[in-house]
Amino acid sequence: MSDSPVLLITGASTGIGAATARAAADAGYRLVLGARREQPLRDLAAELGGPERAIAVRCDVGEWEDVEALVGSGVDAFGGIDAAFANAGFGASRGFLSESVEHWRSMVLTNVLGVALTIRAALPQMLERGSGHFLLTGSVAGRRALPGSLYSATKWAVTAMAEGLRQELRQMHENYAIRVTLIGPGMTDTPFFERSLDPERSLQPEDIARAALYALSQPAHVDVNEILIRPAGQAN
């Protein structure tokens, strides 16, 4: 299956990233998996078929050299990247007097710079080939301001990045084949939260994975720009 498409996922070791990797593997994708936690990442790659189907590369998306190496490993292993899912991210307690400054810095570097670096690393080879697909993990928090939430501000940045990338492709590169999808989950039961959420008021990672695969599976002329997903029990 050397002609099967290749999907790169950051933040792939757990949660939405891992669920999307499993769903994509079932759909026939080869996978380039990046995350900071190396052992869970390697275990997942082995589960999904090993080096011929999935490779694991330790990657801190806030570091350009790591992201560049992640994309390069995918190109070397599989010949190119058909789709890149900039999914890595984490949160912080609300309140501008909460959390440490170092926690803030790491979150902003991961949630904002990490998405930009993933785009920067994957875009040149997509432009050279003339096709591709970017998926970005946003959030309901990236559509409405939350009290004292720097995390919300980082997701507003991702929302802007998705549309900014789409416009760059169409207007600056005159490319109409590379697609961009912003996926905005509501409350999702992942390791993002320290405790399990009420299943009636939260989504599961597999719910978001299905949305990602929906966007990826559309005909080439269909560009699903945004998918906003809330659990039915979420009021805001």
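The values are calculated or read from the model by the stated rules, or taken from the named source; none is laboratory data. Model, not experiment: these values are computed from the prediction. Because the Cβ atoms are built from the backbone with ideal geometry, glycine has one as well, and the counts that use them run over all protein chains shown.
Considered as a group, the residues in the stretch 1-57 that are over 21 Å from L136 (Cβ atoms) and among the hydroxyl-bearing types (S, T, Y) include one that is surrounded by the fewest Cβ atoms within 10 Å (Cβ to Cβ), and that residue is S2. Is at least one residue of the stretch 149-172 small (G, A, S), more than 18 Å from G89 (Cβ to Cβ) and in a loop (DSSP other than H, G, I, E, B)? No: the stretch 149-172 contains no residue that is small (G, A, S), more than 18 Å from G89 (Cβ to Cβ) and in a loop (DSSP other than H, G, I, E, B).
If you go through the stretch 215-229 and keep only what is within 12 Å of H133 (Cβ to Cβ) and either surrounded by 13 or more Cβ atoms within 10 Å (Cβ to Cβ) or within 16 Å of the chain's Cα centre (by Cα) (or both), you end up with A215, L216, Q218, D223, V224, N225.
Of all residues in the stretch 30-45, those satisfying the criterion of being touching a strand residue (DSSP E or B) at 6+ places or on another chain (Cβ under 8 Å), free of Cβ contacts under 8 Å to residues at least 40 places away in the same chain and not charged (D, E, K, R) are L31, L33, L41, L44, A45.
The set of residues in the stretch 119-157 that are of a type in the set (A, V, I, L, M, F, W, C) and at pLDDT below 95 comprises V140, A141, A145, L146. Quick one: which of A153, A177 is hydrophobic (A, V, I, L, M, F, W, C), surrounded by fewer than 23 Cβ atoms within 10 Å (Cβ to Cβ) and within 19 Å of the chain's Cα centre (by Cα)? Answer to the selection: A153. The set of residues in the stretch 90-103 being closer than 30 Å to L123 by Cα, assigned to a loop (DSSP other than H, G, I, E, B) and either at pLDDT 95 or above or hydrophobic (A, V, I, L, M, F, W, C) (or both) consists of F90, A92.
Considering each residue of the stretch 109-132, count those that are over 15 Å from the mean Cα position of the chain (by Cα) and assigned to a helix (DSSP H, G or I), and give that number.
Keep residues of the stretch 109-132 that are over 15 Å from the mean Cα position of the chain (by Cα), which gives 124-131.
Those left that are additionally assigned to a helix (DSSP H, G or I): 124-129.
So the answer is 6.
Count of the stretch 183-219 residues, restricted to those that are in a loop (DSSP other than H, G, I, E, B) and at pLDDT 95 or above, is 3.
If we scan the stretch 104-116, do we find a residue that is in contact with a Pro (Cβ under 6 Å, 6 or more places away or on another chain) and either of a type in the set (D, E) or free of Cβ contacts under 8 Å to residues at least 12 places away in the same chain (or both)? No: the stretch 104-116 contains no residue that is in contact with a Pro (Cβ under 6 Å, 6 or more places away or on another chain) and either of a type in the set (D, E) or free of Cβ contacts under 8 Å to residues at least 12 places away in the same chain (or both). Just to be sure, is G80 buried (at least 20 other Cβ atoms within 10 Å of the Cβ) and either in contact with a strand residue (DSSP E or B) (Cβ under 9 Å, 6 or more places away or on another chain) or over 30 Å from Q171 (Cα atoms) (or both)? When the stated conditions are applied, G80 does not pass them. Applying the set (1) in contact with a strand residue (DSSP E or B) (Cβ under 9 Å, 6 or more places away or on another chain); (2) farther than 18 Å from V158 by Cα to V67 leaves exactly one unmet item: (2). Residue count for the stretch 141-169, restricted to those that are closer than 15 Å to R179 by Cβ and polar (S, T, N, Q): 1.
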